[in-house]
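Please treat every number below as a calculation from the coordinates, not as lab data. Bear in mind the structure is a predicted one, so any value in this text is a computation, not a measurement. Because the Cβ atoms are built from the backbone with ideal geometry, glycine has one as well, and the counts that use them run over all protein chains shown.
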There are 2 protein chains.
Amino acid sequence: MISFQEQYENYKRSVDKALAALPWESGRLSRCMAYSLLGGGKRLRPVIVLAAAALVGGDPAKIVSPACGLELIHTYSLIHDDLPCMDDDDTRRGLPASHIAFGEAAAVLAGDALLTLGLELVASPLPGIPPERGLRAVAVVAAAAGWRGMAGGQMLDMDGPPEKPDLAWLEHMQQMKTGALFVAAAELGAILAGAAESELKGLRVYAGALGAAFQIKDDMLDLEGESETLGKPAGSDLKHSKLTYPAILGPERAAAVLRQKTEEAVSALGVWGEEAVFLRELALKAADREK
Amino acid sequence: MISFQEQYENYKRSVDKALAALPWESGRLSRCMAYSLLGGGKRLRPVIVLAAAALVGGDPAKIVSPACGLELIHTYSLIHDDLPCMDDDDTRRGLPASHIAFGEAAAVLAGDALLTLGLELVASPLPGIPPERGLRAVAVVAAAAGWRGMAGGQMLDMDGPPEKPDLAWLEHMQQMKTGALFVAAAELGAILAGAAESELKGLRVYAGALGAAFQIKDDMLDLEGESETLGKPAGSDLKHSKLTYPAILGPERAAAVLRQKTEEAVSALGVWGEEAVFLRELALKAADREK
């Protein structure tokens, strides 16, 4: 049987290939988009799309294009989050941030254009897949990225809580800012593959818990981490007095919540048994990763 | 028979009503989005959507929601264009620009969220309309708004031409920045209403010429205009050394191009005869407007 790592690399390779094959041009906007999109990254969200489709009996190879859409939307959020008026981060993945490399106007527009192209890719016509699935997928992904999802979560993060931040506030903010797009990734794959509503429900719980676990681990790595390993200045969350799990709960309670979320994710896959081995491993590895 | 003005007001009223009925919330992001979206505007793009649908035999009342999507996308572009790193305009429609009223971070995110919600509205499931039309509409609108359309045009406008600007460069930039969304508006209405490809072709020519005429008139009004009438400082294009039709061609040749584009728009409606009276009047009024 193919190992988790091999399967991950297979998925990632199909995504990287499709991203590189987009019709890039020589103009500044195109170069600025490609700089952030093709400069590396785990491709975690598209991998979730493909694995969710496979889990419910779909063919991942058919939906690489919409899966890539989620990576474009994720990349747009990184570019806009790094802007001087937001988190004001000068580096990303060990390289100058988009607005440092191309200027602020280009960075704003590259984010806008990646979001737009991302949703266009989600709406790709797919041979053999009924169009009502595609239309539903667009609505799900747009809702997850928008005012009640990722963009709304970033606004909450910028504004901070009305009173003393507690776990409930942090979970709410994180669910919007990070969790919603993880959930949309699982839903996108499942919807396009024609999943039953009960399967969608299980995958939503899985991806929501995975997203939370992923963010907690990110926060912990940021606090402990080395600049080199993370590709962004260590402790940069602290510098911005960002409200993170370890900052609010302390490192030990944060680690306990990480374990709990990972267990939730794994447990939501229960009905699938051994068929869900890839997504289960993904949750365990995400909690245990070093960058 | 109902007059042009009455018909325009009917369309506009249905759009304004649907925009006001979106599930607005009390949070800062929602207020920032509503501030720019509900603060007035001609609703020209959604009106084109509805009129194009009616022209090819569709029922405009059924597609108000996707038509509103185009107004959200237009509003996002105004908010981002006004940002300090772009055109740095402090006022819009006689009120403080979004980033002045709510701060830059909120303005960037409100633009992002309006774009996202706009595409979500274009993907609205519509009773009685086949989903493949909706999916095609999303792809068309996203393409028009993105790197090869509106966002790409704004980048060209910011960067300026490689050499001395000529009419060809200006038309290319304008077609991307303004024209593409006008064309998408006509296509959106026509596609959802099930237009024949030959009808789509005619409407594309119409809307492209209308968009160009609209922009030339806008440029001319900016040059001549009073702050009060326009809702933005008179000559603000000049202040930013924006490349406009009158700046490059002089006022007389710009007026001639305006007449030519208007004639092109009207002539593209020829096959429809009297049925196209509303869209014909729209082109004539747009060329003759005072704000």
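Net length available on complete extension from A:ARG31 to A:HIS172 is 47.2 nm, with 0.36 nm assigned per residue and the Cα-Cα distance removed.
Which of rounded, prolate, oblate describes the stretch A:30-151, given a ≥ b ≥ c as roots of the alpha-carbon gyration tensor eigenvalues and a/c under 1.5 marking rounded, otherwise prolate only if a/b is larger than b/c? List each step's numbers first, then the result.
On the way: a/c = 2.32, a/b = 1.96, b/c = 1.18.
Prolate, since a/c reaches 1.5 and a/b exceeds b/c.
This model, with +1 at the C-beta of Lys and Arg and -1 at the C-beta of Asp and Glu, gives the protein assembly as shown a dipole about its Cα centre of some 880 debye.
Quote the relative contact order of the stretch B:4-279 in percent (integer), defining contacts as alpha-carbon pairs under 8 Å separated by 6+ residues. Present the calculation step by step, with values, prior to reporting the outcome.
Details: 408 pairs, mean separation 53.6, N = 276.
Relative contact order, the stretch B:4-279: 19 percent.
Label-to-label distance, B:ARG13 versus A:ASP59, with points set 7 angstrom from Cα along the beta-carbon direction: 5.3 nm. Sorting the segments A:79-90, B:75-86 by their residues' average number of neighbouring beta-carbon atoms within 10 angstrom, most packed first, yields B:75-86, A:79-90.
Within 10 Å of each Cβ of B:23-35, how many other protein chain Cβ atoms are there on average?
Details: counts 2, 1, 3, 0, 6, 5, 11, 4, 0, 2, 3, 0, 0.
Average neighbour count from other chains, rounded to a whole number: 3.
Counting charges near A:LYS12 (Lys, Arg +1; Asp, Glu -1) among other residues having Cβ under 12 Å from its Cβ returns a value of +1. Across the identical copies, the label point of A:ALA101 (7 Å from Cα in the Cβ direction) is separated from its matches by 3.6 nm, in order from shortest. The label-point distance for B:ARG93 and B:ALA196, in a model that sets each label 7 Å from Cα toward Cβ, rounds to 3.9 nm. For the peptides A:208-218, B:32-42, the ranking by packing is A:208-218, B:32-42, with the highest mean count of neighbouring Cβ atoms within 10 Å listed first.
Rg/Rh for the protein assembly as shown (Cα atoms only, Rh after Kirkwood) is 0.98. For A:PRO23, the distances from its label point to the matching points in the remaining copies are 3.7 nm, ordered from shortest, with each point set 7 Å beyond Cα toward Cβ. Binning the alpha carbon pair distances of the stretch B:88-217 at 5 angstrom intervals from zero yields the distribution 2, 10, 15, 17, 19, 16, 11, 7, 3, 0, 0, expressed in whole percent. Measuring between alpha carbons in the structure, the pairs from A:LYS12/A:LYS261; A:LYS12/A:LYS42; B:LYS42/B:LYS291 lying more than 19 angstrom apart are A:LYS12/A:LYS261.
With contacts defined as alpha carbon pairs under 8 Å and 6 or more residues apart, what's the relative contact order of the stretch A:1-67 in percent? Walk me through the numbers on the way to the answer.
Values: 38 pairs, mean separation 24.4, N = 67.
Reported relative contact order: 36 percent.
The mean number of partner chain beta-carbon atoms within 10 angstrom of a residue's beta-carbon across peptide B:135-144 is 6.
Using a ≥ b ≥ c from the Cα gyration tensor of chain B (square roots of the eigenvalues), is it rounded, prolate or oblate, where a/c under 1.5 gives rounded and otherwise the larger of a/b and b/c decides, a/b for prolate? Oblate is the answer for chain B, as a/c is 1.5 or above yet b/c matches or exceeds a/b. Counting only lysines at least 8 places from A:LYS164 when in the same chain, those with an alpha carbon closer than 20 Å to its own are A:LYS177, A:LYS239, A:LYS242. Peptide A:118-130 has a mean of 5 when you count, residue by residue, the C-beta atoms of other protein chains within 10 Å of its C-beta. Between this copy and the others, label points of A:ASP288 are 7.6 nm apart in ascending order, each placed 7 angstrom from Cα in the Cβ direction. When restricted to Cα atoms, the stretch B:101-140 yields an Rg and a Dmax of 14.1, 43 Å, respectively. Whole Å is fine, so just give me how far the alpha carbon centre of the stretch B:241-291 lies from that of the stretch B:97-164. Distance between centres, Cα-based: 24 Å.
Legend: P(r) of the stretch A:75-118 from all alpha carbon pair distances, 5 Å bins from 0, whole percents, reading 6, 27, 36, 22, 8, 0.
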